[in-house]
Amino acid sequence: MPRLPFLRKLSYLGLASAFLRVGHLRRLLFLNGIKAFEAAARTGSFAAAGVELNVSAAAVSRMVHLLEQRLGLALFERKANKLVLTQAGRAYQSGLTPIFDALASLTAQVTAPSSMRVLTIGVGHTFAMRWLIPRLSEFRSEEPDIEVRFTTGGAWVPFGEDWSCGIKLGTGDWPGLVAEPLFAGDLTPVCVPRLASGLKRPADLRGPSLIRVAHSPEDWPLWLKAASLVRINARGPEFQFYGQALQAAADGLGIAMGIRPYIDDDLAAGRLVAPFDLSVPKGMRWYLLYRSFQTEQRDFAAFRRWIMRTASEPAARPVRRIGRAAARN
């Protein structure tokens, strides 16, 4: 039987294909056990997996045990009231869950009415809420027969096998995928007008009022360095995501580091303002990602034309975009 490190190098669907193609592996294929293991690994217990699969916890445990016997390795460490995945179990579950998700999506597409056209977009929650969903009615008015479905995306989520396309922030390096730039990820502070009235120049900023984003700790230092404010450190409230930080800024909690295109609509509506004429490049861009063969599919082609056109429209409030080394105080 091939060793686990070899299997981990395969794509998720390639892994499934290998199971079906290779004769001796096909004889070992134990779908009930695989389903039981994946559910238990994902939910964290045999009991929760049993509820999902409509069988008893004991039945799930037996099926997982039989699977382990057939594979010749342990997938779980069984501890009191707790299941802990082994290294092999973690590798197996990380590949199985996307396979089952892809199968569910494929089944939904096959069983859907022939007139239904489905476009699945992998996109992060904040991008969807702050830019894509507010504009989606425009696309629906142009293509009313296409059903748009969102699935979990974001910078750290692998490109899904069932995705029509994805939208991600990065440097453009996604092997095997076409990456077309949508927006520059430029940074500029934003806050409510009441707070902006007291900010005449960048030196008026105070560290405790600067709202931070946990997964982008470099944003404030990058902007402050460009503004020649090396003695100011952001020490304000910290949130996990940009969307949370921008909502806190809209509620008057402090000054958040805004990033395009998340701030476009708030600036246009006046909920937030950019008090300084200084925008600094983050060093990354937003990209539309897709496999090259998708361009032959009319639904994706229609969405691609629409989003590329919409993304090229000017931002609500133009700001002076400068390099990292030059700024005025």
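Here are a few things to note about the model shown:
- Among residues of the range 237-252 that are without any contact (Cβ under 8 Å) to a residue 40 or more places away in the chain and in a helix (DSSP H, G or I), those with a Cβ under 7 angstrom from a residue that is hydrophobic (A, V, I, L, M, F, W, C) and open to solvent by less than 80 Å² (accessible area, probe 1.4 Å), sequence gap 6+ or separate chain, pair up as 245/211; 245/213; 245/239; 245/256; 248/211; 248/239; 248/256.
- Per the listing 189, 193, the residue uniquely surrounded by 13 or more Cβ atoms within 10 Å (Cβ to Cβ) and farther than 30 Å from residue 297 by Cα is 189.
- Near pairs, Cβ below 8 angstrom, 6+ apart or cross-chain, from the range 193-214 (closer than 19 Å to residue 280 by Cα) to any residue that is open to solvent by 40 Å² or more (accessible area, probe 1.4 Å) and of a type in the set (Lys, Arg): 207/235; 210/235
- If you go through the range 120-160 and keep only what is over 18 Å from the mean Cα position of the chain (by Cα) and either of a type in the set (Lys, Arg) or over 18 Å from residue 311 (Cα atoms) (or both), you end up with 135, 140, 144, 145, 146, 147.
- Of the candidates 284, 308, 257, the single residue that is part of a strand (DSSP E or B), open to solvent by 30 Å² or more (accessible area, probe 1.4 Å) and at negative phi is 284.
- Scanning the range 56-80 for residues that are crowded, with 18+ Cβ neighbours inside 10 Å and either outside any helix (DSSP H, G or I) or hydrophobic (A, V, I, L, M, F, W, C) (or both) yields 60, 63, 64, 67, 71, 75, 76.
- Among (1) over 30 Å from residue 304 (Cβ atoms); (2) of a type in the set (A, V, I, L, M); (3) buried (at least 22 other Cβ atoms within 10 Å of the Cβ) - the single one residue 232 does not satisfy: (3)
- Residue among 274, 250 that is modelled with pLDDT of 90 or more and open to solvent by 30 Å² or more (accessible area, probe 1.4 Å): 250
- Residue satisfying all of: in the range 161-186; touching a Ser or Thr at 6+ places or on another chain (Cβ under 7 Å) and assigned to a strand (DSSP E or B); least open to solvent (accessible area, probe 1.4 Å) among these: 186
- The one condition from (1) within 25 Å of the chain's Cα centre (by Cα); (2) more than 30 Å from residue 146 (Cα to Cα); (3) surrounded by 15 or more Cβ atoms within 10 Å (Cβ to Cβ) that residue 240 does not meet is (3).
- Annotation for the range 213-221: at least one member residue is crowded, with 19+ Cβ neighbours inside 10 Å and either in a loop (DSSP other than H, G, I, E, B) or at pLDDT below 90 (or both).
The values are calculated or read from the model by the stated rules, or taken from the named source; none is laboratory data. These numbers come from a predicted model, not from an experiment. Note that each Cβ is placed from the backbone with ideal geometry, even for glycine, and that neighbours are counted across all protein chains shown. Accessible surface is based on the protein model in full, side chains and every heavy atom, while ligands, DNA and RNA are left aside. Shrake-Rupley method; radii C 1.70, N 1.55, O 1.52, S 1.80 Å.
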